[in-house]
């Protein structure tokens, strides 16, 4: 059995982190839709570009 790649591990933990955050918001009483807590930027470069303008 081969071990998963680093990219696969990072993707898995990012999804777990997102689900835990959404569950935490629900426990606090917020209405959470799937992916509401997700990033609004497609890439890191897009986020940097947006914040440099503002």
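Below, the figures for the structure above:
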| quantity | calculated |
| --- | --- |
| Some residue of the range 30-41 being surrounded by 10 or more Cβ atoms within 10 Å (Cβ to Cβ) and at pLDDT 85 or above | yes |
| Checklist (1) in a loop (DSSP other than H, G, I, E, B); (2) at pLDDT below 90 applied to residue 14, failing item | (1) |
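The values are calculated or read from the model by the stated rules, or taken from the named source; none is laboratory data. Since this is a predicted model, take the numbers as computed values, not measurements. When we count neighbours, we look across all protein chains shown, and the Cβ atoms used for this are built from the backbone with ideal geometry, even at glycine.
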